[in-house]
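Readers should treat all values here as calculations from the given coordinates under stated rules, not as data from a laboratory. Given the structure is predicted, the values throughout are model-derived calculations rather than measurements. Ideal geometry is used to build each Cβ from the backbone, glycine not excepted, and the neighbour counts take in all protein chains shown.
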Amino acid sequence: MIEVERPVRLDAADGQATSRFVAWLRDRLSEGLAVAWRASLDPRLDASPLYHLPPPLPEGPGEQDPALVRWRASYRPGVCFYRVGPGFIQVKDLRGPGGPSRYTLTQDPYLSLFTRCLTPTLLTDLTEDARRIADALLAERLLIAVGAPGDRWVTTLPSRMRRWPVPSYLI
């Protein structure tokens, strides 16, 4: 288990720091590592796309932040992940209210942008075509964009499933 000593501020205006922490948390989940951490959440930040990531611990009994309470109540392992095959990435997403979504990314520029955004990327660093692809992946909630206009960072959300956490017939 990894313990983060100080509370993390997930801030809608600080896209770089928030995106880096989200990517770090996603990568620890991909490695199968448990993370104990605490958070303060900017009320302007929609945390619902993050509910597949390990939630922060409560600050104490009677914590009042409803977004963090919902995150802890909604978290389930294996809800949003991707697997890598030869020349493709397969994504499974069970976060949505409409039921499971499955995506298979086989062609560039989708495949390249998905993998590029595993490292938080400044939206303005993308070409116009790549920004259109990012918009499509954002609409599907496979990426998250955080930050002030003109300083928005995009990060891939699904964690990589390296091994099944439960018998495969249960997934």
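Every residue, every condition in (1) touching a residue at least 24 places away in the same chain (Cβ under 8 Å); (2) loosely packed, with under 14 Cβ neighbours inside 10 Å, yes or no:
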position: V4; (1), (2): yes, no
position: A17; (1), (2): no, no
position: L33; (1), (2): yes, yes
position: A47; (1), (2): yes, no
position: G62; (1), (2): no, yes
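Quick check on R152: is it out of contact with any Lys or Arg (no Cβ under 7 Å at 6 or more places or on another chain), without any contact (Cβ under 8 Å) to a residue 24 or more places away in the chain and closer than 27 Å to A17 by Cβ?
For R152, the condition - out of contact with any Lys or Arg (no Cβ under 7 Å at 6 or more places or on another chain), without any contact (Cβ under 8 Å) to a residue 24 or more places away in the chain and closer than 27 Å to A17 by Cβ - is not met.
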Residue hits (region 112-125; under 17 Å from the mean Cα position of the chain (by Cα) and either assigned to a strand (DSSP E or B) or under 19 Å from R26 (Cα atoms) (or both)) are L113, F114, T115, R116, C117, L118, T119, P120, T121, L122
Original post:
Is at least one residue of region 70-87 over 19 Å from L29 (Cβ atoms) and surrounded by 11 or more Cβ atoms within 10 Å (Cβ to Cβ)?
Top reply: no
Residue set P100, P86, P109; condition out of contact with any strand residue (DSSP E or B) (no Cβ under 9 Å at 6 or more places or on another chain), closer than 23 Å to A139 by Cβ and not charged (D, E, K, R); output residue P109
Taking region 41-96 and keeping only residues that are part of a loop (DSSP other than H, G, I, E, B), in contact with a helix residue (DSSP H, G or I) (Cβ under 9 Å, 6 or more places away or on another chain) and of a type in the set (A, V, I, L, M, F, W, C), one is left with L45, A47, L53, L57
Expected single match for under 20 Å from Q16 (Cβ atoms) and charged (D, E, K, R) among D108, D93, D125 is D125
